[in-house]
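A.B. asks: Next up is a structure, given as structure tokens.
Bear in mind these aren't lab numbers, they're just calculated from the coordinates by the rules spelled out. On a predicted model such as this, the values are computed, not experimentally measured, just so you know. A quick note on method: Cβ atoms are made from the backbone with ideal geometry, for glycine too, and the neighbour counts reach across all protein chains shown.
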2 protein chains.
Amino acid sequence: MLSYSFEDNKSPIYEQLYNYIKKDIMSGELSANTKLPSKRSFAGQLSVSVITVENAYNQLMSEGFIYSLPKKGFYVSDIFSIGMSLPTDKNLYKENKINRSSRNEKVIYSKVSVPYYVNQNTFADFNSNSADPASFPFSTWAKITRRILSDDQNYLMQNSPSNGIIELRFAISDYLEAFRGMNVNPNNIIVGAGTEIMYNILIQLLGQSKVYASEIPGYDKIDRILKANSVISERIPLDEYGIIPEQLTEKSVDIIHITPSHHFPTGITMPIKRRYEILEWANIGLHNFKDKYIIEDDYDSEFRLSGLPIPSLYSIDNSERVIYMNTFTKSLASTIRISYMILPDHLMAKYNETLSFYACTVSTFEQLTLAHFIADGYYEKHINRMRSSSRRKRNLLLRCIRESSLGKIATINEEESGLHFILRLDLKRNEKTFLEKAKKQGINISPVSKNSYMINYSSIPMDRIEEAVNRLSIAAFD
Amino acid sequence: MLSYSFEDNKSPIYEQLYNYIKKDIMSGELSANTKLPSKRSFAGQLSVSVITVENAYNQLMSEGFIYSLPKKGFYVSDIFSIGMSLPTDKNLYKENKINRSSRNEKVIYSKVSVPYYVNQNTFADFNSNSADPASFPFSTWAKITRRILSDDQNYLMQNSPSNGIIELRFAISDYLEAFRGMNVNPNNIIVGAGTEIMYNILIQLLGQSKVYASEIPGYDKIDRILKANSVISERIPLDEYGIIPEQLTEKSVDIIHITPSHHFPTGITMPIKRRYEILEWANIGLHNFKDKYIIEDDYDSEFRLSGLPIPSLYSIDNSERVIYMNTFTKSLASTIRISYMILPDHLMAKYNETLSFYACTVSTFEQLTLAHFIADGYYEKHINRMRSSSRRKRNLLLRCIRESSLGKIATINEEESGLHFILRLDLKRNEKTFLEKAKKQGINISPVSKNSYMINYSSIPMDRIEEAVNRLSIAAFD
């Protein structure tokens with residue numbers, strides 16, 4: 001029977017439990033499809049609270065290490081048999097009426113376009129995932145800016161290396177280690193004025209003649225950038241675990257852009273098994289002397305509202321196949337254009353050789369301000385503040401929906417991840433009419449599949465939430 | 001006989017005289033190859049000083065409206081016969097032993113590479129055309145930053161239009177009108193984080209399959225950017241008037257990058273006649289349904305040390321063939337990444353339709369700071385201060401060279417334009433040895449042709465100039 005002892009150190013008990021179980025699964029100690037103890041009995045056995053076990057199980061589930069069967073309990077996933085789908089036990093297949101072929105046919109999310117254009121006159125924009133203006137730390141930012149403009153004048157006049165000033169790259173690397181468990185060499189980081197610009201650089205680095213692909217549904221902007229760069233651009237559909245690996249082979253994709261931590265817009269967290277499948281796809285390419293790469297867009301990993309953040313694909317990649325991308329555009333302000341990517345060693349060497357003649361696109365002033373902001377601990381505080389304000393916002397929003405006339409027809413999905421959730425509405429009226437009425441009410445909202453809508457609440461001020469739900473109700477019923 | 005009267009208004013007499021003569025040349029009143037009065041007699045006749053006439057003649061010469069023949073005097077150029085070369089009178093050809101065929105063979109400047117990489121440990125870098133750190137207006141910049149971080153918080157959180165915030169585009173347009181005589185619609189301006197990024201966008205706008213070209217010698221970076229974008233990239237040689245138009249046709253160029261105000265690195269100012277020839281090349285393309293474009297890089301027009309700035313190619317283009325580019329990287333600080341380009345109407349419409357999904361690459365914070373900096377008159381003051389400090393620096397540098405042992409072997413060319421001149425040294429020693437010894441002395445210097453060196457003095461602090469010349473002498477003699 002599972003027996004773990006907990007150390008009285010800084011990390012929470014649920015996290016220690018999560019790590020123990022994960023380690024046992026990774027080592028094979030806990031084999032595929034082993035049934036885990038129920039939450040209640042395990043809690044008693046370990047002398048911890050039921051909530052602690054629940055938190056650990058939830059985290060393991062969201063990462064795909066375990067799965068649950070209704071009224072049966074929790075089971076260890078078959079994480080090693082790459083190329084097969086979750087869950088792998090054939091009896092379980094039948095029991096749950098999921099099987100490989102049916103799942104591959106059933107792509108949950110329709111191929112709708114996610115609008116990239118935001119009308120600034122809207123009352124509430126549930127499509128925008130930019131930060132709430134009220135949350136920007138103006139006084140701290142002003143304080144740091146004032147200090148560097150007075151103390152660091154010479155430094156501010158020195159040209160930044162092409163990939164960004166070392167202070168900022170160290171700050172990013174330290175931050176990723178502390179809060180994302182990532183081990184990143186600051187020399188592999190490239191800082192730039194937004195992920196869009198990064199894409200232009202990446203295409204120059206990886207080659208114009210490669211086949212690029214993005215998720216559908218997903219950020220349409222990625223597809224537009226690919227097309228603007230005149231490269232072959234495919235769209236790859238998803239099933240409930242994220243992008244479908246077979247489609248990558250079928251469409252001869254060389255480079256795939258994915259959002260595994262939190263798929264935009266569906267909110268799917270890609271389970272560990274699917275992650276290994278995608279890595280395997282890139283590795284098989286490598287064995288065939290074809291360079292396949294995965295661009296991991298980790299755009300809102302800071303904002304997961306419960307549990308530990310999902311380990312990045314970059315962290316579990318041993319073959320230099322993953323390019324990691326993240327941005328401060330969402331966590332700080334969309335008007336400050338600072339993003340970064342992390343290249344594997346051989347690509348960084350190629351960048352230094354062929355593309356480092358490009359000047360860094362972010363001014364040294366803002367790079368240094370941000371470096372201090374992170375290194376002095378303000379970024380962490382800011383994220384915590386944002387996270388708890390998001391939680392409050394989400395709770396208010398859910399309560400308002402529940403208490404409004406929408407409550408009777410609403411189901412909420414993916415509420416634990418990031419800054420949005422999926423709202424399913426069993427509308428009596430035609431969807432088109434609903435969307436038109438919502439628009440008239442000043443509410444921007446988009447379907448991710450029939451009758452399911454993406455609710456991005458990050459940009460909406462707290463004091464507009466109640467009224468926004470009222471207007472949605474009007475659109476649904478009046 | 002020429003007779004002009006001067007108004008007692010704000011513009012200097014020499015400028016009024018320049019305008020009168022230019023107007024008469026443009027109207028045909030003064031026909032091609034008309035001899036102008038000598039400076040002395042004209043001065044007497046107009047009751048102005050000889051210096052005034054000299055200044056007006058110099059300005060007209062640098063723009064190609066007139067030419068001078070040794071011991072003969074000043075003549076009106078044949079500015080209208082597009083497709084022919086300066087001067088056009090056949091007798092004059094013989095007299096001066098220049099003729100078309102011989103000139104086309106004789107390309108003055110060798111095809112040397114201009115290094116783009118700067119070693120920051122160098123004592124004096126005559127290759128760098130970045131601004132002197134000491135000249136950055138820190139206190140004003142800090143004042144404006146402080147003000148907007150306190151007063152404009154909501155605005156700072158609003159996404160900038162793809163082509164930049166309207167305040168900055170208006171400020172740029174007003175500045176160009178006042179100081180460059182240009183009439184620019186702010187809606188045709190695109191703001192971006194450096195000209196390099198602009199190039200990536202331009203290639204996406206104009207097309208991947210076009211033939212692009214840059215000057216040789218010239219900015220090697222342009223060529224590298226073109227190659228990084230996998231487009232066909234040609235290099236076009238110069239004669240003493242700038243890029244050779246016939247070569248554009250010969251090499252089937254579609255888009256040519258030029259620096260007509262002040263060629264980098266030779267310092268050539270393209271005469272008006274050659275400008276019309278290049279425009280004609282683009283227009284002929286248009287008549288053949290081939291879109292030809294000229295990218296006019298006006299990178300240091302603010303810094304011409306004497307006379308009026310040369311009118312831009314953009315201003316004299318009536319067929320929407322010229323894309324104007326300029327940057328604050330050189331006039332303000334290379335570490336603040338703000339450049340802009342001005343597109344003709346039909347290209348701007350195409351940009352808005354196809355590429356405006358790109359977020360502006362400059363943060364709203366710095367855009368707004370710069371907009372205030374320009375609109376409140378600080379930029380003008382800054383440029384004036386930079387110009388007079390450049391003049392002092394140049395004078396000191398020239399005096400130091402004259403008074404050093406270099407004086408006996410040195411000739412100076414192109415000293416009136418911008419922030420650099422050409423130093424010709426009649427070295428006794430091998431050039432390679434000289435360059436190696438200079439490097440050992442911490443002096444970065446590059447040849448533009450045999451024994452001629454580009455002297456960029458903008459980045460060199462005043463108090464290093466004397467020592468830098470000492471070190472150069474050591475490299476030349478010891």
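A.B. asks: Where in the stretch A:197-263 are there GluC sites (Glu not before Pro) that are in a DSSP coil and have at most 16 other Cβ atoms within 10 angstrom of their Cβ? Provide the component values of the computation, followed by the final result.
C.D. replies: Numbers: sites: A:215, A:234, A:240, A:246, A:250; in loops: A:240.
Within the stretch A:197-263, the qualifying GluC sites (Glu not before Pro) (loop, at most 16 other Cβ atoms within 10 Å) are A:240.
A.B. asks: Under 24 Å between alpha carbons, and skipping anything fewer than 8 positions from residue B:381 in its own chain: which lysines qualify?
C.D. replies: Straight-line reach from residue B:381, under 24 Å: B:10, B:143, B:330, B:393.
A.B. asks: What is the projected area of the convex hull of the Cα atoms of the protein assembly as shown, averaged over all directions, in nm²?
C.D. replies: Numbers: hull surface 182.7 nm².
For the protein assembly as shown, the mean projected area of the Cα convex hull comes to 45.7 nm².
A.B. asks: Tell me the Rg and the Dmax, in Å, that the Cα atoms of the stretch B:355-399 produce.
C.D. replies: 16.7, 53
A.B. asks: Per residue of B:353-365, what is the mean number of Cβ atoms on other protein chains within 10 angstrom of that residue's Cβ?
C.D. replies: Whole-number average of other-chain Cβ neighbours for B:353-365 is 6.
A.B. asks: My understanding is that a pair violates if its Cα-Cα distance is over 24 Å; which of A:227/B:210; A:221/B:292; A:221/A:292; A:251/A:273 do that in this structure?
C.D. replies: In this structure, A:221/B:292 lie more than 24 Å apart at Cα.
A.B. asks: For the stretch A:279-404, what's the relative contact order in percent, using C-alpha pairs closer than 8 Å and at least 6 residues apart?
C.D. replies: Relative contact order for the stretch A:279-404 comes out at 19 percent.
A.B. asks: Can you tell me which aspartates and glutamates have their Cα less than 17 Å from the Cα of residue A:350? Leave out same-chain residues fewer than eight positions away.
C.D. replies: Output for residue A:350: A:291, A:320.
A.B. asks: Here's another thing I want to ask about it. Taking Rh as the Kirkwood radius, which is the inverse of the mean 1/r over Cα pairs, what is the Rg/Rh value for the stretch B:376-429?
C.D. replies: Radius of gyration over Kirkwood radius for the stretch B:376-429 works out to 1.15.
A.B. asks: I've got another one for you. Can you tell me what share of the DSSP beta bridges in chain B is antiparallel? A percent to the nearest 5 is fine. If you can, show how the numbers build up before the last one.
C.D. replies: Values: 27 of 46 bridges.
Percentage antiparallel, nearest 5: 60.
A.B. asks: Suppose R0 equals 41 Å. What FRET efficiency, 1/(1 + (r/R0)^6) with r the Cβ-Cβ distance, do residue A:439 and residue B:383 give to the nearest 0.05? Could you put the intermediate results ahead of the total?
C.D. replies: Numbers: r = 48 Å, r/R0 = 1.18.
E(calc), rounded to 0.05, equals 0.25.
A.B. asks: Label points 7 Å out from Cα along the Cβ direction at residue A:209 and residue A:403: separation in nm?
C.D. replies: 6.4
A.B. asks: What chymotrypsin sites (Phe, Trp or Tyr not before Pro) does the stretch B:345-418 have in DSSP loop regions with at most 16 other beta carbons within 10 Å? Walk me through the numbers on the way to the answer.
C.D. replies: On the way: sites: B:351, B:357, B:358, B:365, B:373, B:378, B:379; in loops: B:357, B:358.
Passing both the DSSP loop test and the Cβ count: B:357.
A.B. asks: Also, quick follow-up: Cross-link partners among aspartates and glutamates for residue B:290, C-alpha distance below 12 Å, same-chain residues fewer than 8 apart left out?
C.D. replies: Those aspartates and glutamates meeting the cut-off are B:254.
A.B. asks: How many nm is it between the label spots at residue B:375 and residue B:47, if each spot is 7 Å from the Cα in line with the beta carbon?
C.D. replies: 4.6
A.B. asks: Still on this structure, please answer the following. Could you give the alpha-carbon Rg of chain B over 2.2 N^0.38 Å, rounded to two decimals? Present the calculation step by step, with values, prior to reporting the outcome.
C.D. replies: Numbers: Rg = 23.0 Å, N = 478, 2.2 N^0.38 = 22.9 Å.
The value comes to 1.00.
A.B. asks: What is the diffusion coefficient of the stretch A:332-478 in µm²/s, taking the Kirkwood radius over Cα pairs and the Stokes-Einstein relation at 20 °C with a viscosity of 1.002 mPa s?
C.D. replies: Estimated diffusion coefficient is 116 µm²/s.
A.B. asks: Take the Cβ-Cβ distance between residue A:280 and residue A:179 as r, set R0 to 25 Å, and report the resulting FRET efficiency rounded to the nearest 0.05.
C.D. replies: 0.35
A.B. asks: Related question: Quick one: compute the contact order of chain B, relative version, from alpha carbon pairs under 8 angstrom and 6+ residues apart, as a percent.
C.D. replies: 20
A.B. asks: Pull out the extension gain between residue A:352 and residue A:432, defined as 0.36 nm times the separation in residues minus the alpha carbon to alpha carbon distance; nm, one decimal.
C.D. replies: Working: separation 80, 0.36 × 80 = 28.80 nm, distance 5.10 nm.
Full-extension gain reported as 23.7 nm.
A.B. asks: Distances from residue A:316 to the same position in the other copies: list them in nm, one decimal, shortest first, using label points 7 Å from Cα along Cα→Cβ.
C.D. replies: Distances to the matching label points in the other copies: 6.5 nm.
A.B. asks: Taking the Cβ-Cβ separation of residue B:319 and residue A:19 as r and a Förster radius of 60 Å, what is the calculated FRET efficiency to the nearest 0.05? Mind dumping the intermediate values first?
C.D. replies: Working: r = 69 Å, r/R0 = 1.15.
Plugging the Cβ-Cβ distance into 1/(1 + (r/R0)^6) gives 0.30.
A.B. asks: What GluC sites (Glu not before Pro) in the stretch A:1-83 are in a loop by DSSP, with at most 16 other Cβ atoms within 10 Å of the Cβ? Spell out each step's value before the answer.
C.D. replies: Details: sites: A:7, A:15, A:29, A:54, A:63; in loops: A:7, A:29, A:63.
When the GluC sites (Glu not before Pro) of the stretch A:1-83 are filtered for loop state and at most 16 Cβ neighbours within 10 Å, A:7, A:29 remain.
A.B. asks: Something else: In nanometres, what is the gap between the two model label sites at residue B:166 and residue B:466, each 7 Å from Cα along Cα-to-Cβ?
C.D. replies: A separation of 5.5 nm, rounded to one decimal place.
A.B. asks: Got the relative contact order for the stretch A:186-309 handy, in percent, Cα pairs under 8 Å and 6 or more residues apart?
C.D. replies: Reported relative contact order: 21 percent.
A.B. asks: As a test, work out the antiparallel percent of DSSP beta bridges whose residues both lie in the protein assembly as shown, rounded to the nearest 5.
C.D. replies: Here the share of antiparallel DSSP bridges comes out near 60 percent.
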